[in-house]
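Visitor: Can you read through this structure? Questions will come right after.
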Amino acid sequence: EPIPSLPSTHLDHVLSTSEMAATNGAISQRLDSFALPHSSLPFSIEDASANLPFDMRSSIHLEITCNEQPLFSYMLRFVSKKVTDAKSIRADMGKDGLSRASAADDDDFAEFMMGKGKGRGLKRRRNANDDSVKVPKPSLGLGWHSFTYARDDSSVRVAVLRQRIGEPTGSMTGGGIGFFDSIVLFVQGADQAPLLKLCKDAMEAATMHKENRVSLYRYETKLKYWIHNARRMARSLGSVVLDEAVKRPLMQDLEWFVKDDTRIFYAKHGIPYHRCYLFHGPPGAGKTSFIYALAGHLQRNLCFMQMDSSVTDDSFRTAMSTLPGSAMVVLEDVDSLFTNHREADRAVSSLSFSGFLNSLDGLGAPDDVVVCLTTNHPEKLDPAIMRPGRIDVKVEFKTPSRDMAARYFLTFYPGEDNAAAAFGAAVGSRICEKKVSMAQLQHFFLACHRLEFGAEQAAKHIKEFAFDESASSAHSMSYC
């Protein structure tokens, strides 16, 4: 029913005291029916009393809502592994339920890469185990659960309530229709430490480095947190061929930066503990591939941030201040962010020039971070970006030399020195004319593998191979 409206107050109409009281009473009664429910507890007292394994009055609880990302996702994943007798579960198919890239496949591939398996056997195992759909992982469903949490030399019983509240609503981030979910954790007693330690363990379990793996993160501007996209096999530094005159000093600088003594030195002198590198050179020279290999070598999480019109000073500052631990941040094509007048290119981002600089070396600069900037046009960068303290080391990636081409040949055909020398000589004329990039050479070796060419055949095939001018961009994800 509509709320009664007040009569029109013309000069010839004055409400009597009784009429005003009646009207106000009707309005108050109707407003009461619209009042939102209010509670000082994030759960039903009756429900908790009936399901908790201990007295609710002698317990302490911690609520984590679905808006508190990424902690909510990390905690849900963590407790789902801890609860072994759940009566209510959900099937977690991951990002792609039809993908064959399951965890088991990844382990098999790791064994194969380390020489413990055979490629044909790997293919047979995959086809035999699962032709199309992987087995989902169990995730906690709605309702009450419990598990024993071991901490230090003792253990504590933890009760978990996963609940859904209210009607489905549209997502403000464009994610479609969703519900408000929350997880409530209970422990007996008044000690907060077990619950806070649970949060720490969940975060560490989600972000910890795994051997021979690189975790990839992408910043979601609308959700305002780093999403863990994937965990991939690490790439060896030897698979990315660079001029030794470039590679050696770069690695020496990085090895110095990650030392504990260096961290202490930075702290002693009040210097923010981060290091910024500028990788510049033509497309397909190996910039992104080397960054990926560095992340595996340094055991750091690789964090990509896509610059678009939604990136503002505030969102960029938030992204840099909420990075996962041991992060390596990648900002590609930084020359396209601003015009010659230090104005943001609105087609690329809404980030201001001062906001960008402040996040590199100002008060908003992150700690314990390696920042990698890439550009194909270093001459377009403003001198204010290039100065020491904002960019600590500049590394030029050049087109390959004959020696680099021969060494790259050996990464595909180990021990074939004679064939590698012949390959370097054969491709030398094209290299001298700067018509061949590392990405195009990779394209060539992929073709040789498809044709099942041996080392000598590959060395001869280069003479007649027609390089695709777009190969460097077509394979930019692998070697760019």
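Visitor: What single numbered condition from (1) within 16 Å of the chain's Cα centre (by Cα); (2) at pLDDT below 85; (3) aromatic (Phe, Trp, Tyr) fails to hold for Tyr292?
Guide: (2)
Visitor: Please count how many residues of the stretch 220-236 are out of contact with any strand residue (DSSP E or B) (no Cβ under 8 Å at 6 or more places or on another chain) and open to solvent by less than 30 Å² (accessible area, probe 1.4 Å).
Guide: Qualifying residue count, the stretch 220-236: 1.
Visitor: For Phe453, only one of the following conditions fails: (1) in a loop (DSSP other than H, G, I, E, B); (2) within 30 Å of Arg263 (Cβ to Cβ). What is its number?
Guide: (2)
Visitor: Further question: If a residue has to be closer than 30 Å to Ile60 by Cα, within 12 Å of the chain's Cα centre (by Cα) and of a type in the set (Val, Ile, Thr) to count, how many in the stretch 182-226 make the cut?
Guide: Going through the stretch 182-226 one residue at a time, the tally reaches 1.
Visitor: Is it fair to say Ile165 is open to solvent by 60 Å² or more (accessible area, probe 1.4 Å) and among the aliphatic types (A, V, I, L, M)?
Guide: yes
Visitor: So which residues in the stretch 363-376 are open to solvent by 20 Å² or more (accessible area, probe 1.4 Å) and without any contact (Cβ under 8 Å) to a residue 60 or more places away in the chain, if there are any at all?
Guide: Residue satisfying the conditions is Leu363 alone.
Visitor: Further, regarding this structure: When residues of the stretch 42-78 are filtered for being more than 16 Å from Leu142 (Cβ to Cβ), of a type in the set (A, V, I, L, M, F, W, C) and assigned to a strand (DSSP E or B), how many remain?
Guide: 2
Visitor: Scanning for something at pLDDT 90 or above, aliphatic (A, V, I, L, M) and in a loop (DSSP other than H, G, I, E, B), does the stretch 136-147 turn up at least one residue?
Guide: Yes, that holds for at least one residue.
Visitor: As an exercise: evaluate Ser154 against (1) over 28 Å from Met233 (Cβ atoms); (2) modelled with pLDDT under 90; (3) open to solvent by 90 Å² or more (accessible area, probe 1.4 Å) and give the number of the one condition it does not meet.
Guide: The number of the failed condition is (3).
Visitor: Consider the stretch 293-320. How many of its residues are farther than 26 Å from Ser236 by Cα, part of a loop (DSSP other than H, G, I, E, B) and of a type outside the set (Asp, Glu)?
Guide: Of the residues in the stretch 293-320, 5 are farther than 26 Å from Ser236 by Cα, part of a loop (DSSP other than H, G, I, E, B) and of a type outside the set (Asp, Glu).
Visitor: Please go through the stretch 414-429 and give me each residue that is touching a helix residue (DSSP H, G or I) at 6+ places or on another chain (Cβ under 9 Å) and either open to solvent by 70 Å² or more (accessible area, probe 1.4 Å) or farther than 19 Å from Leu242 by Cβ (or both), ordered by number.
Guide: Gly415, Glu416, Asp417, Asn418, Ala419, Ala421, Ala422, Ala425, Ala426
Visitor: With (1) among the aromatic types (Phe, Trp, Tyr); (2) farther than 24 Å from Glu220 by Cβ; (3) modelled with pLDDT of 85 or more as the list, and Phe78 as the residue in question, which single condition is left unmet?
Guide: Of everything listed in (1) among the aromatic types (Phe, Trp, Tyr); (2) farther than 24 Å from Glu220 by Cβ; (3) modelled with pLDDT of 85 or more, Phe78 misses just condition (2).
Visitor: Does the stretch 333-349 include one or more residues that are of a type outside the set (Phe, Trp, Tyr), out of contact with any His (no Cβ under 8 Å at 6 or more places or on another chain), surrounded by fewer than 19 Cβ atoms within 10 Å (Cβ to Cβ) and at pLDDT 85 or above?
Guide: Checked against the condition, which is being of a type outside the set (Phe, Trp, Tyr), out of contact with any His (no Cβ under 8 Å at 6 or more places or on another chain), surrounded by fewer than 19 Cβ atoms within 10 Å (Cβ to Cβ) and at pLDDT 85 or above, the stretch 333-349 yields at least one hit.
Visitor: If you don't mind, another one. Would you call Leu323 touching a residue at least 40 places away in the same chain (Cβ under 8 Å), touching a Ser or Thr at 6+ places or on another chain (Cβ under 9 Å) and outside any helix (DSSP H, G or I)?
Guide: Taking the combined requirement at face value, the residue does not satisfy it.
Visitor: With respect to the numbered conditions (1) open to solvent by 70 Å² or more (accessible area, probe 1.4 Å); (2) out of contact with any Pro (no Cβ under 7 Å at 6 or more places or on another chain); (3) modelled with pLDDT under 85; (4) farther than 19 Å from Ser321 by Cα, which one is the sole condition not fulfilled by Glu255?
Guide: With respect to (1) open to solvent by 70 Å² or more (accessible area, probe 1.4 Å); (2) out of contact with any Pro (no Cβ under 7 Å at 6 or more places or on another chain); (3) modelled with pLDDT under 85; (4) farther than 19 Å from Ser321 by Cα, Glu255 is out only on (3).
Visitor: Take residues that are of a type in the set (S, T, N, Q) and tell me which of the strands (runs of 3 or more DSSP E) falling wholly in the stretch 194-292 contain 1 or more.
Guide: On the way: elements: 213-220, 225-233, 274-280.
Strands (runs of 3 or more DSSP E) meeting the threshold: 213-220, 225-233.
Visitor: Mind telling me which of the residues Phe34, Phe54, Phe72 ends up being out of contact with any Lys or Arg (no Cβ under 9 Å at 6 or more places or on another chain), modelled with pLDDT of 85 or more and among the hydrophobic types (A, V, I, L, M, F, W, C)?
Guide: Exactly one residue qualifies, and that residue is Phe72.
The values are calculated or read from the model by the stated rules, or taken from the named source; none is laboratory data. No experiment lies behind these values; they were computed from the predicted model shown. Methodologically, a virtual Cβ is constructed for each residue, glycine included, from the backbone with ideal geometry; neighbour enumeration extends over all protein chains shown. Accessible surface areas use protein heavy atoms only, side chains included; no ligands, DNA or RNA. Shrake-Rupley method; radii C 1.70, N 1.55, O 1.52, S 1.80 Å.
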